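*Asks:* Structure below; questions to follow.
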């Protein structure tokens, strides 16, 4: 459709003095943006909130895309506070928008933005697609959304009526974001990515075949269209009682339609209910409920703070009460991984590169309470939540202990070296595959029982795999070269969120060794074929 020009800015928040993170009104620990990290740069959430307040104050209708639900709430709350400090009541023209809100609540927010009652909206990618928004003047993108396709889709939300528009990418303190703002050709000089997927993934293929059978009976000719693995998936559906085979094809046996998780969010949603009134506040996807709705968690909803009294996973319900504590909560998890099979490998002398199936077991075991004003850890409280198991696809590389010793990595430093390399590799994989760092996970260990060697794993965070690990394996040399360069080019001394620290680390980013991570990747790149 016709559209005006777009001015696109790459915005890197400024470096902070060593002691300023503690005095920041909203420290990184309070936003969930970093995990026990020294704040090297000003929080992207704080920067986005200030920019949103500035544009709203100037009457510019603005949509701010934020990576997480909690982050969207924080950006909206901070922008409202700043506007009310300047002009009392102006903060009412800013709101948060995210998945998990009730349908009528979302429709009202969309209407208010379209009619000008709201001038600013802080949203997750729930507004990236599927909602008709016109008349926006500016878009703020808090953190690279993971793909150029999403970046341009989000930026395209401004200027829909043909007027000129502004788009600003605010970089997080993250390896990929830092790389992109210093290498803009990776954004503007490259086409939108080709979609990466594994059409033979049984976790995807079986539900799609079931949906097709609802529309019309499946025939042998149809199975050819679905590719390899379709016949095996149909046989499994027959054995499970979902399909019935007749001479004319395979028929869906049930009255209701198949349950398909379109967003891949990991299970049925959990209802968030205010215990004193029984009012339904919203929902949280099953995959996030252990982190966001555990007992004692602080839950934000349209700027109102609630504390979770009870999480009932069997009934899919979390009971909450309104409360404004002076602390925030941060769940901690542990992960274990075992190799199931090897699909392909490269023998590069002291280095091995592998692709295969793995079983990943993760469990949220505790949470920390931290002072909002200072980020100080108040205490760590245990949780009793069930472990979750994931059969998926991973790429991993091994190194011989001798090669590490020759590279100058001392045995005591091997865990920190591998851990730092793992974090950076996860952060840079979206350069090669159509994914986000939150779509993938990792594990590193000085000696893994299945490989009997120092090993770094990176795995798809979706059942059966999503094609990301295959892409990483196929572009291993380029992927790890970019990873090595991102670490080496970072100006910090000991490692920071821009290179080797991760906001999703379950071990509190400990241990980490930036210089030894470079040595590890040098060993891999020296031996791995290009």
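None of the figures in this text is laboratory data; all of them are computed from the coordinates on show. The structure presented is a predicted model; accordingly, all values stated were derived computationally and were not measured. Counting neighbours? That spans all protein chains shown, and the Cβs are built from the backbone with ideal geometry, glycine included.
*Asks:* Between rounded, prolate and oblate, where does segment 332-527 land on the alpha carbon gyration tensor, with a ≥ b ≥ c its root eigenvalues, rounded for a/c under 1.5, else prolate if a/b exceeds b/c?
*Replies:* In terms of gyration-tensor shape, oblate.
*Asks:* Sticking with this one: Of the listed values [x] 14; [y] 19; [z] 24, identify the label whose number matches percent of Cα pairs over 41 Å apart calculated from this model.
*Replies:* Matching the structure shown: [z].
*Asks:* What full-extension length gain, to one decimal in nm, is calculated for residue 255 and residue 492 as 0.36 nm per residue of separation minus the Cα-Cα distance?
*Replies:* Additional length available on full extension: 79.3 nm.
*Asks:* Neighbour counts of other C-beta atoms within 10 Å: give me 475, 124 arranged from fewest to most.
*Replies:* 475, 124
*Asks:* Right, here's the next one. Sum -39500 (n - 2.57) across every DSSP H segment of at least 4 residues in the chain, then divide by the residue count to get the 222 nm mean residue ellipticity, nearest 500.
*Replies:* -9000 deg cm²/dmol
*Asks:* Compute the Cα gyration tensor for segment 202-252, then decide on rounded, prolate or oblate, letting a ≥ b ≥ c be the square roots of its eigenvalues: rounded whenever a/c is under 1.5, prolate when a/b is larger than b/c in the other cases, and oblate in all that remain.
*Replies:* rounded
*Asks:* Extension gain residue 371-residue 277, at 0.36 nm per residue separation less the Cα-Cα distance, in nm?
*Replies:* 31.0 nm is the gain from fully extending residue 371 to residue 277.
*Asks:* Testing the spin-label approximation: label points 7 Å from Cα along Cα→Cβ at residue 232 and residue 346. State their distance in nm.
*Replies:* It works out to 2.6 nm between the two label points.
*Asks:* Can I ask one more? Shape of segment 152-307 from its Cα gyration tensor (a ≥ b ≥ c, root eigenvalues): rounded if a/c is under 1.5, otherwise prolate when a/b > b/c, or oblate?
*Replies:* oblate
*Asks:* Still on this model: Just the number, please: percent antiparallel of the DSSP beta bridges in the chain, rounded to the nearest 5.
*Replies:* Restricted to the chain, the bridges split so that about 70 percent are antiparallel.
*Asks:* How much length, in nm to one decimal, is gained on full extension between residue 102 and residue 16, taken as 0.36 nm per residue of separation minus their Cα-Cα distance?
*Replies:* Gain on extension, residue 102 to residue 16, equals 27.1 nm.
*Asks:* Next question. Return a whole-number percent for the relative contact order of the chain, with Cα pairs under 8 Å and 6 or more residues apart as the contact set.
*Replies:* Relative contact order, the chain: 14 percent.
*Asks:* Sticking with this one: Once label points are set 7 Å from the Cα along Cα→Cβ at both residue 149 and residue 114, what is their separation, rounded to one decimal in nm?
*Replies:* 2.6
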